[in-house]
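Trainee: One structure follows; several queries about it will come next.
The values are calculated or read from the model by the stated rules, or taken from the named source; none is laboratory data. Note that the coordinates shown come from a computational prediction; the quantities given were computed from them, not determined experimentally. Glycine gets a Cβ as well: all are built from the backbone with ideal geometry, and neighbour counts include every protein chain shown. The protein model used for the area step is the full one, side chains on, heavy atoms only, and it has no ligands, DNA or RNA in it. Shrake-Rupley method; radii C 1.70, N 1.55, O 1.52, S 1.80 Å.
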Amino acid sequence: QVQLVESGGDLVQPGGSLRLSCATSGSIFRLLAMDWYRQAPGRERELVARIMSGGSTNYADFVKGRFTISRDNAKNTVYLQMNSLKVEDTAVYYCHVRVAVVDYWGQGTQVTVSS
């Protein structure tokens with residue numbers, strides 16, 4: 001059974017940092033690309049960052065230079081380090097993986113950036 005569990009969301013001031021974690025349910029994830037998405041109120045869910053099984057990464061333009069996605073295959077965990085946070089980064093952040101043709105999502109973790 002595929003399970004993704006996010007954690008690390010919090011209330012933070014502008015300019016602050018957070019690290020999100022996504023714990024996965026098995027070693028199969030080492031073979032798969034993993035993503036972080038986010039969804040702000042009233043907006044579509046959008047891709048934030050992707051990490052391939054080999055470690056190469058891609059980022060949305062709006063987070064380049066501020067966010068870093070990484071993975072620890074020994075722990076079956078994917079991370080999103082978020083620095084220089086802005087008010088507009090406020091959203092629920094979701095971990096995502098596609099296995100064959102099926103999309104799996106975690107429950108999400110709330111990130112609120114506010115003074």
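Trainee: Tell me which residues, restricted to the range 22-69, are surrounded by fewer than 17 Cβ atoms within 10 Å (Cβ to Cβ), within 16 Å of GLN81 (Cα to Cα) and touching a Leu at 6+ places or on another chain (Cβ under 9 Å).
Mentor: Residues satisfying the conditions are ALA23, ASN58, ALA60, ARG66, THR68.
Trainee: Let me ask you something else. Taking the range 85-113 as the region of interest, how many residues are open to solvent by 60 Å² or more (accessible area, probe 1.4 Å) and either touching a residue at least 60 places away in the same chain (Cβ under 8 Å) or under 18 Å from ALA33 (Cβ atoms) (or both)?
Mentor: Count: 11.
Trainee: Pairs please, first residue from the range 36-58 and assigned to a loop (DSSP other than H, G, I, E, B), second anywhere and among the polar types (S, T, N, Q), Cβ atoms under 9 Å, 6+ apart in sequence or on different chains.
Mentor: ALA40/THR90; PRO41/THR90; ARG45/GLN39; MET52/ASN58; SER53/ASN73; GLY55/SER70
Trainee: OK, next. Considering each residue of the range 75-99, count those that are in a strand (DSSP E or B) and charged (D, E, K, R), and give that number.
Mentor: 1
Trainee: Based on this model, can you work out whether GLU6 counts as among the charged types (D, E, K, R) and surrounded by fewer than 15 Cβ atoms within 10 Å (Cβ to Cβ)?
Mentor: Criteria not met by GLU6.
Trainee: Okay, next question. What's the number of the only condition in (1) more than 15 Å from the chain's Cα centre (by Cα); (2) over 19 Å from GLU6 (Cβ atoms) that VAL113 fails to meet?
Mentor: If we test VAL113 against (1) more than 15 Å from the chain's Cα centre (by Cα); (2) over 19 Å from GLU6 (Cβ atoms), just (2) comes out false.
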